[in-house]
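The values are calculated or read from the model by the stated rules, or taken from the named source; none is laboratory data. Values in this document were obtained by computation on a predicted structure and should not be read as measured data. Quick reminder, even Gly has a Cβ in these numbers, built from the backbone with ideal geometry, and neighbours come from all protein chains shown. Heavy atoms of the whole protein, side chains included, go into the accessibility calculation; ligands, DNA and RNA do not. Shrake-Rupley method; radii C 1.70, N 1.55, O 1.52, S 1.80 Å.
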2 protein chains.
Amino acid sequence: MQHFLDNFFYPDSVAVVGASKNPGKAGYQVLKNLLTLGYEGQVYPVNPREEEISGLKCYASLREIEGKVDLVMITVPAKAVLPVIDDVVARGDVKAVVVVSAGFAETKTEEGIAMEKELVAKLKAAGIRAFGPNCTGVINTSIKLDTTIEPTVEQNKGPISIFSQSGGMAGSILLWAEAQPIPLGFHKWAHVGNMCDVNTLDVLEYYGQDEGTEVILIYMEGFDEGRRFMETAREITKEKAVLVLKVGRNELGSKAAYSHTGTLAGQDEIYQAAFRKAGITRVDSMPDMIDTAKAMSMQPLPKGNRICILTEAGGPGTMAMDELGKYKNVTLANISEEGQKALKEAMPPMALICQPQGYLDITAAAMEEHHKVALELVLAEEEVDGVILISVPPTFLPPESLAESIIEAAKDAKKPVLTVLMAGKWVHRARQMLERAGLPTFDTPEQAVRAMVKMVERRQYLDKVKGGEQ
Amino acid sequence: MQHFLDNFFYPDSVAVVGASKNPGKAGYQVLKNLLTLGYEGQVYPVNPREEEISGLKCYASLREIEGKVDLVMITVPAKAVLPVIDDVVARGDVKAVVVVSAGFAETKTEEGIAMEKELVAKLKAAGIRAFGPNCTGVINTSIKLDTTIEPTVEQNKGPISIFSQSGGMAGSILLWAEAQPIPLGFHKWAHVGNMCDVNTLDVLEYYGQDEGTEVILIYMEGFDEGRRFMETAREITKEKAVLVLKVGRNELGSKAAYSHTGTLAGQDEIYQAAFRKAGITRVDSMPDMIDTAKAMSMQPLPKGNRICILTEAGGPGTMAMDELGKYKNVTLANISEEGQKALKEAMPPMALICQPQGYLDITAAAMEEHHKVALELVLAEEEVDGVILISVPPTFLPPESLAESIIEAAKDAKKPVLTVLMAGKWVHRARQMLERAGLPTFDTPEQAVRAMVKMVERRQYLDKVKGGEQ
């Protein structure tokens with residue numbers, strides 16, 4: 001056991017207090033996720049009103065479980081939680097508790113605040129760590145552990161780890177990741193809830209030293225230990241990307257954030273400066289968060305800021321250029337004269353090669369082979385650091401064949417290739433093929449450009465702090 | 001026949017020259033779309049190398065077709081087009097031709113330009129109108145007519161009509177519209193191609209007077225007859241919304257647009273001013289274009305600019321507020337003291353009512369009935385002009401039940417209700433239910449806010465030009 005949070009993410013056994021056969025109950029969903037996603041540890045349902053749930057023996061109390069219990073999920077109503085904590089403590093073997101139940105300090109009532117205080121006191125005295133209360137749970141895809149009350153979703157393993165201050169956003173990120181052409185692979189996921197004990201800083205530190213985690217994805221509204229958080233992040237970002245979606249950007253948003261989590265208004269510039277200093281990648285929306293994480297987790301960072309736009313559709317290509325034109329720290333790549341000559345020879349006669357420099361519109365006459373050769377040629381260019389490939393495949397160019405050509409051309413590239421097939425259901429399977437081959441796809445040219453810009457910015461940050469190594 | 005373009009959009013019969021059994025040919029796809037989407041007119045395949053295609057008699061030449069031919073689709077290679085035009089002219093009954101074939105003026109070769117000139121001369125002499133060359137076709141969902149080379153997609157009827165200067169974007173819009181929770185309903189669709197005859201101004205005028213069209217959706221890069229186009233649009237926008245996606249917004253984008261369609265760089269401010277004067281709604285991206293069209297085609301315009309944000313998830317609610325805070329011409333609605341009292345009584349105890357004013361976070365404890373009552377109460381408020389409802393439905397609130405509650409509460413509303421269920425596949429069916437009931441859904445809070453802002457701006461424009469009538 002390297003870190004106390006391992007008790008939550010690598011339990012050999014989990015007890016679910018409040019396990020239920022009623023889909024309207026939190027204990028139903030937690031048990032369902034534990035049992036249907038492939039977790040191989042022991043699962044113990046606890047509910048005095050049931051003999052058996054889902055073929056498992058149901059225990060009347062935690063005290064009756066004979067086997068060892070590592071993690072306890074508590075899903076009973078708030079008023080029943082403290083007696084359960086007594087049972088937890090009495091067992092002696094439990095190291096970790098997640099209090100899913102709501103109705104504590106977040107109610108801002110005297111009673112709720114007092115109950116949470118007592119909860120903390122009991123746990124502290126026993127040396128037991130806790131997530132919550134009002135917490136939707138944790139996930140570790142590497143052992144197929146899903147302790148959450150979230151909908152049961154298809155989960156792929158990957159190098160992204162996620163945590164959120166908001167339960168709604170934690171769930172939304174999980175479901176958004178699943179809704180990608182193929183479910184976006186991730187490693188660990190956590191909602192911190194009321195943070196009576198484990199807080200965002202703990203999780204950040206943990207993910208920072210976690211071997212399976214390369215990209216950390218955070219939704220936050222307020223930072224209680226702002227300085228320590230930023231200092232920790234600053235160490236982590238030397239090795240791993242840290243993406244933060246932080247709302248409350250103007251007066252209206254700040255008022256809503258204050259009402260939600262008590263974050264103070266009017267500090268967005270301060271956060272912005274702190275993020276920059278800590279090497280944190282700030283993302284502006286859910287799609288940007290998922291897209292940037294997808295790009296960074298599937299592709300290498302560019303070595304520089306020189307980007308080539310390769311399109312077969314002038315409209316979407318121009319959209320990409322409009323977006324790229326917004327960023328001063330990124331530039332179009334210089335294609336060598338030789339490269340241009342080779343492209344002109346290989347592409348359809350109407351192809352627009354480097355008009356302007358670094359922009360290639362190979363036109364709708366481009367077939368599979370044209371795409372393959374064009375991508376190979378630009379990737380081979382010394383002054384190209386990354387490529388965005390855009391297509392609205394016409395009916396005579398089956399998207400699946402196009403995907404095969406792109407995969408073939410990009411297979412040995414040490415440069416990021418981001419692809420946009422902008423044609424709805426027509427390209428769905430092709431997008432799945434690309435993502436299975438490690439090539440991220442995006443809904444729009446603008447989203448691909450923004451992801452590429454974030455990759456360039458990360459490279460520029462690393463160059464600055466590390467003098468160009470890595 | 002009211003307008004010459006009726007010959008394209010309401011033909012009783014269509015001949016497809018170059019009809020083919022080979023999926024790699026344009027003539028294959030045109031025939032497939034005509035035959036599989038339900039068009040009830042006569043379809044005549046023309047190809048001297050086939051006896052029969054898809055169970056239809058195939059004619060060796062246009063001249064051999066005994067029945068009347070209204071519209072001719074030409075899909076043969078460029079060099080074979082002029083002889084086909086001779087056949088068209090010789091028949092005497094054809095009023096409309098779409099030249100799908102590429103290889104004309106767009107090649108910028110002497111030969112291509114000369115061929116297009118001759119094509120125009122022949123058609124003009126015979127009084128026959130033409131779309132193209134290099135044109136992907138037209139669609140009229142009201143008679144299930146699809147003459148295009150686009151992928152065969154599910155098409156719903158609706159009040160939106162679309163045209164595009166770019167074939168790629170024309171196709172992309174079609175496919176994007178289909179990829180909504182339910183395919184976005186539209187009326188007519190056209191790609192103008194090289195505009196050797198019919199041009200964007202013709203189509204704009206036609207859609208402007210078209211009874212089934214309420215929202216006109218345009219992708220353009222350049223405006224050859226800019227002044228007339230804007231004057232025409234200015235008349236139309238008094239009655240119908242005109243949405244334009246116009247790229248080339250900065251130096252890079254302008255260079256790409258110039259390379260694509262010859263649009264001059266550096267004129268974005270001029271366009272922007274012209275759009276504003278003409279009452280054109282400018283949209284900034286594909287998703288914004290589809291979202292705004294969806295909102296305007298499914299919901300009434302707000303009577304004013306006072307918006308209520310109703311959320312059960314603080315994070316996404318704050319995102320909506322951040323986005324709303326960007327626009328000076330939109331404001332949060334004032335909820336009356338009585339309304340606030342009623343809301344406080346009906347909502348879960350932790351609900352945040354009007355913190356700040358016009359913003360309601362009814363929390364994840366809100367069940368179906370809470371959503372229904374909250375939406376009914378805010379819609380009944382005199383000073384609320386529109387509502388954005390946001391949810392990440394927890395597992396104990398089945399999204400389909402939530403959708404039913406929203407539909408029930410919104411059913412008699414004379415105010416726009418835009419909904420955001422931000423939870424991927426988990427809410428897909430619920431989004432379909434909402435959209436079938438006429439309630440548009442959006443992927444993100446920001447997209448819903450932007451659509452609402454565009455609706456407010458349209459209302460403000462109408463108030464200005466019409467003194468508040470409508």
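What the table below lists for this structure:
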{"quantity": "Per-residue HN-Hα couplings for segment B:397-410 [Karplus 6.51, -1.76, 1.60; θ = phi - 60°; Hz; x = Gly/Pro]", "calculated": "10, x, x, 5, 5, 4, 4, 4, 4, 5, 4, 4, 6, 8"}
{"quantity": "Helix axis angle, B:368-380 relative to chain B longest principal axis, alpha carbon, degrees", "calculated": "80 degrees"}
{"quantity": "Inter-copy label distances at residue B:92 (7 Å, Cα→Cβ; nm, one decimal)", "calculated": "10.8"}
{"quantity": "Euclidean distance of C-alpha centroids, segment A:184-260 and segment B:363-398, integer Å", "calculated": "29 Å"}
{"quantity": "Calculated over segment A:105-240: convex hull of Cα atoms, volume per residue (Å³)", "calculated": "120 Å³"}
{"quantity": "Space enclosed by the convex hull of the alpha-carbon atoms of segment B:6-139, per residue, Å³", "calculated": "97 Å³"}
{"quantity": "Options B:357, B:467, B:101, ranked by Cα towards positive dipole end of chain B, top entry (Cβ charges)", "calculated": "B:101"}
{"quantity": "Karplus-derived 3J(HN,Hα), 6.51/-1.76/1.60, for each residue of segment B:162-167, Hz, glycine and proline x", "calculated": "10, 9, 9, 7, 10, x"}
{"quantity": "Computed [θ] at 222 nm, helices only, for chain B once each DSSP H run of length n ≥ 4 contributes -39500 (n - 2.57)", "calculated": "-12500 deg cm²/dmol"}
{"quantity": "Per-copy distances of the residue B:21 label point, shortest first, in nm (7 angstrom along Cα→Cβ)", "calculated": "6.1"}
{"quantity": "Surface/4 of the Cα convex hull for chain B, nm²", "calculated": "23.6 nm²"}
{"quantity": "Hits among aspartates and glutamates - C-alpha to C-alpha of residue A:79 under 14 Å, sequence gap 8 or more where chains match", "calculated": "A:110, A:111, A:116, A:118"}
{"quantity": "Restraint check, B:157/B:411; A:415/B:255; A:344/A:411; A:294/A:411; A:21/A:124, Cα-Cα greater than 27 Å", "calculated": "A:21/A:124"}
{"quantity": "Under 5 Å, built H, 5+ apart or other chain: amide partners of residue A:19", "calculated": "A:46"}
{"quantity": "Order by protection proxy (mean Cβ within 10 Å, highest first), peptides B:81-87, A:198-204, B:188-194", "calculated": "B:188-194, A:198-204, B:81-87"}
{"quantity": "At 1.567 mPa s and 4 °C, Stokes diffusion of segment B:157-298 via Kirkwood alpha-carbon radius, µm² per second", "calculated": "86 µm²/s"}
{"quantity": "Violating pairs (Cα-Cα greater than 20 angstrom) within the set A:246/A:303; A:425/A:454; A:277/A:454; A:246/A:454", "calculated": "A:246/A:303; A:425/A:454"}
{"quantity": "Solution diffusion estimate, µm²/s, Stokes-Einstein, segment B:205-245, Kirkwood Rh from C-alpha pairs, 10 °C, viscosity 1.306 mPa s", "calculated": "150 µm²/s"}
{"quantity": "Cleavage-rule hits, trypsin sites (Lys or Arg not before Pro), segment B:1-79, DSSP coil, Cβ neighbours within 10 Å at most 13", "calculated": "B:49, B:68"}
{"quantity": "Rounded to 10°, Cα long-axis angle of helix A:337-346 versus longest principal axis of chain A", "calculated": "90 degrees"}
{"quantity": "Segment A:306-466: Rg to Rh, with Rh as the Kirkwood radius over Cα pairs", "calculated": "0.94"}
{"quantity": "Coil-residue trypsin sites (Lys or Arg not before Pro) of segment B:306-362, DSSP, other Cβ within 10 Å capped at 16", "calculated": "B:326, B:328"}
{"quantity": "For the protein assembly as shown, convex hull of alpha carbons as volume per residue, Å³", "calculated": "165 Å³"}
{"quantity": "Percent RCO, i.e. relative contact order, over segment A:117-224, from Cα pairs under 8 Å lying at least 6 residues apart", "calculated": "35 percent"}
{"quantity": "Mean separation of Cα contacts under 8 Å, 6 or more apart, over the residue count of segment A:306-466: relative contact order %", "calculated": "25 percent"}
{"quantity": "Shielding by partners - mean other protein chain Cβ count within 10 Å, residues of A:437-443", "calculated": "1"}
{"quantity": "Formal net charge of residues neighbouring residue A:322 (Cβ-Cβ distance under 15 Å; K, R +1; D, E -1)", "calculated": "-2"}
{"quantity": "Distance histogram in 5 Å bins (all Cα pairs of segment A:218-293, percent per bin)", "calculated": "3, 16, 26, 26, 19, 8, 2, 0"}
{"quantity": "Averaged over B:348-359, number of beta-carbon atoms from partner chains that fall within 10 Å", "calculated": "3"}
{"quantity": "Protein accessible area in chain A, 1.4 Å probe - carbon and sulfur %", "calculated": "49 percent"}
{"quantity": "Mean-position separation - Cα centroids, segment B:321-337 and segment A:112-135, in angstrom", "calculated": "39 Å"}
{"quantity": "Å² per residue, accessible surface of the protein assembly as shown at 1.4 Å", "calculated": "37 Å²"}
{"quantity": "Relative contact order [Cα under 8 Å, 6+ residues apart], segment B:36-155, whole percent", "calculated": "23 percent"}
{"quantity": "Peptide B:309-316 - average C-beta neighbours from other chains (10 Å radius)", "calculated": "6"}
{"quantity": "Radius, Kirkwood style, for segment A:24-97 when every pair of distinct Cα atoms is counted (Å)", "calculated": "12.9 Å"}
{"quantity": "Proximal aspartates and glutamates to residue B:25, defined as alpha-carbon separation beneath 17 angstrom and excluding residues fewer than eight positions away on the same chain", "calculated": "A:368, B:50, B:52, B:146, B:150"}
{"quantity": "Alpha-carbon gyration tensor eigenvalues x 5, square-rooted, for segment A:324-393, Å", "calculated": "20, 14, 11"}
{"quantity": "Residue B:63 paired with residue B:154, simple spin-label distance in nm, labels 7 Å along Cα-to-beta-carbon", "calculated": "4.7 nm"}
{"quantity": "Net charge dipole size for segment B:157-298 [Lys, Arg +1 and Asp, Glu -1 on Cβ; Debye, nearest 20]", "calculated": "240 debye"}
{"quantity": "Position residue A:49, label points 7 Å along Cα→Cβ, spacing to each other copy in nm (shortest first, one decimal)", "calculated": "7.4"}
